[in-house]
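Here is the structure we will look at, set down as structure tokens.
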Amino acid sequence: MAVVGATGYAGAEVVRLLHAHPAVEIVCATSEKDAGKPLGEVHRYLSPTGLELTAVDVGVILERRTDFAFVALPHGASTPVVRGLVDGGVRVIDVGADFRFADPAIYERAYGPHAEPALLAEAVYGLTEHARNAVAPARLVANPGCYPTGALIGLLPLADLIEGTVFVDSKSGTSGAGRSAVTNQLFAEVTENLRPYSVWKHRHQPEIQEKLSLAGGRARVLFTPQLLPIARGLLSSCYLATSAGPEIGRRLEEAYRTEPFVRVLPRGTWPEPRNVRGTNLVEIGWQVDDDGKSAVVMTAIDNLGKGAAGQAVQNFNCMMGLDERTGLVALPALP
């Protein structure tokens, strides 16, 4: 097993989860900035892994005879690495954004031209609960973004019921913005504050829109992300119009009744990020207005768990024919 980009928040969380996974041995962990250092020197809590960081080199990864890799690199940086690994017979889960779109034109509008459109067309979008039959045999799985995961888990079972525009309002912990040192991520800038950003312009908006449309939805998606003064956690509120309000709860229950990571709460009970912190769990709450024509669906996930590394490990388990819960059974980490 290789973890490419092991020092970013998502990559480090992949390492943390895999360290306790009974079917995994990590033989390679990479970092461009910290190559040559022990991983435990960069993240002291990962010292027990004993891993030494190397530079990203597809040849070296292939020499170590790994048959699987998690790639957690910034958008654009993943594509050549993934191409080299897949061509070398390695199955890949890309935790970044490079392979999340089915339509290369939509990808281009969000990120620029794609360097490997054929590989983009092959990639399976790994929202596991809605794609496991395609995930299982895949060579390349694109792990969904954290915001799209929170929104789509709540909206996909209702895709054909939504009318007009669905407004998605998501609030995320600061780890969702990555580990780079930028001024607006400093403690004094974030604490005691709530900051909207990229309103109706965020790159995750077309990702949500595309997947909802592919599921048969006709609604337009407008997405507002906001930054919470917490390290990890994500709460999404999806406001929608429908002429089938009484169906909302039944659809959600039917979709997730047997899913080990998804909890559909009783009507009027609301999800909270603290109840899923450090896990791959999802909580879903919902309410329908008295006239049955307006509804809200709310979801809580850990942006580094179900929104990134947890879902990546769930997809790995699916691809390897393992119980999807393997390595993901920890209870929420409350203060």
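The values are calculated or read from the model by the stated rules, or taken from the named source; none is laboratory data. Since we're looking at a predicted model, the values are computed, not measured. Positions of Cβ are backbone-derived with ideal geometry, glycine not excepted, and every protein chain shown enters the neighbour counts. Protein only, heavy atoms only, side chains kept; ligands, DNA and RNA dropped before computing areas. Shrake-Rupley method; radii C 1.70, N 1.55, O 1.52, S 1.80 Å.
Please get the size of the charge dipole for segment 241-292, origin at its Cα centre, with Cβ charges of +1 on Lys and Arg and -1 on Asp and Glu, quoted in debye to the nearest 20.
The dipole of segment 241-292 has a size of about 320 debye.
Given the rule -39500 (n - 2.57) for each run of at least 4 DSSP H residues, summed and divided by the residues of the chain, what is its mean residue ellipticity at 222 nm, to the nearest 500 deg cm²/dmol?
-7500 deg cm²/dmol
For segment 89-152, calculate the relative contact order in percent as a whole number, restricting contacts to Cα pairs under 8 Å that are 6 or more residues apart.
For segment 89-152, the relative contact order is 42 percent.
Excluding same-chain pairs closer than 8 in sequence, count the lysine pairs in the chain whose Cα atoms lie under 28 Å apart.
Qualifying lysine pairs in the chain: 10.
Nearest 0.05, what FRET efficiency do residue 215 and residue 322 give at R0 = 25 Å with Cβ-Cβ as r?
Using R0 = 25 Å, I get an efficiency of 0.40.
Students often get this wrong: which residues of segment 198-230 have the backbone nitrogen under 15 Å from the point 7 angstrom along Cα-to-C-beta of residue 134?
Hits in segment 198-230 for residue 134 at 15 Å: 207-217.
Would you rank 204, 130 by solvent-accessible area, highest first, keeping every protein chain in place and using a 1.4 Å probe?
Largest accessible area first, the list is 130, 204.
Mind jotting down the distance between the C-alpha centroids of segment 245-289 and segment 29-58, whole Å?
37 Å
For the residue pair residue 67 and residue 257, what label-to-label distance in nm results when each label sits 7 Å from Cα along the Cα-to-beta-carbon direction?
It works out to 3.7 nm between the two label points.
Using the charge dipole of the chain (Lys, Arg: +1 at Cβ; Asp, Glu: -1 at Cβ; taken about the Cα centre), state which of 185, 35, 319 has its Cα farthest towards the positive end.
Ranked along the dipole, the leading option is 185.
Of 150, 130, 173, which is farthest along the charge dipole of segment 129-181 in the positive direction, counting Lys and Arg as +1 and Asp and Glu as -1 at C-beta?
Of the listed residues, the answer is 173.
If packing is taken as the average count of other Cβ atoms within 10 Å, what order do 312-320, 78-86, 290-298 fall into, highest mean first?
Answer by packing, highest mean first, reads 312-320, 78-86, 290-298.
Explain nothing, just the number: dipole magnitude of segment 188-329 about its Cα centre with +1 on each Lys and Arg Cβ and -1 on each Asp and Glu Cβ, in debye rounded to the nearest 20.
I would put it at about 220 debye.
Near the amide H of residue 165, under 5 Å away, which other amide H atoms are found, from residues 5 or more places off or on another chain, if H is placed in the peptide plane?
Amide H neighbours of residue 165: 220, 241.
For the chain, what does the relative contact order come out to in percent, with C-alpha contacts under 8 Å and a separation of six or more?
17 percent
For the chain, what is the charge dipole size about the Cα centre, in debye to the nearest 20, if Lys and Arg each add +1 at the Cβ and Asp and Glu each add -1 at the Cβ?
So the dipole magnitude of the chain works out to roughly 300 debye.
Would you mind telling me the antiparallel percentage of the DSSP bridges in segment 149-302, rounded to 5?
Just about 70 percent of them are antiparallel.
Could you work out what % of the accessible surface of the chain is carbon and sulfur, using a 1.4 angstrom probe and leaving DNA, RNA and ligands out of the count?
Heavy-atom surface of the chain belonging to carbon and sulfur, 1.4 Å probe: 53 percent.
Counting only heavy atoms of protein chains, what accessible area per residue, in Å², does segment 53-139 have with a probe of 1.4 Å?
Ligands and nucleic acids excluded, the result is 42 Å² per residue.
Only bridges whose two residues both fall in the chain count here: according to DSSP, what percent of them are antiparallel, nearest 5?
Antiparallel: roughly 45 percent of the beta bridges in the chain.
What whole-number value in Å² describes the accessible area per residue of segment 156-240 for a 1.4 Å probe?
Value returned for segment 156-240: 49 Å² of accessible area per residue.
At most 11 other Cβ atoms within 10 Å and a DSSP loop assignment: could you name the trypsin sites (Lys or Arg not before Pro) in segment 132-227 that fit?
Answer by residue number: 201, 218.
Could you work out the longest stretch of the chain that avoids the GluC sites (Glu not before Pro) located in DSSP loops with at most 15 other Cβ atoms within 10 Å?
The answer is 33-191.
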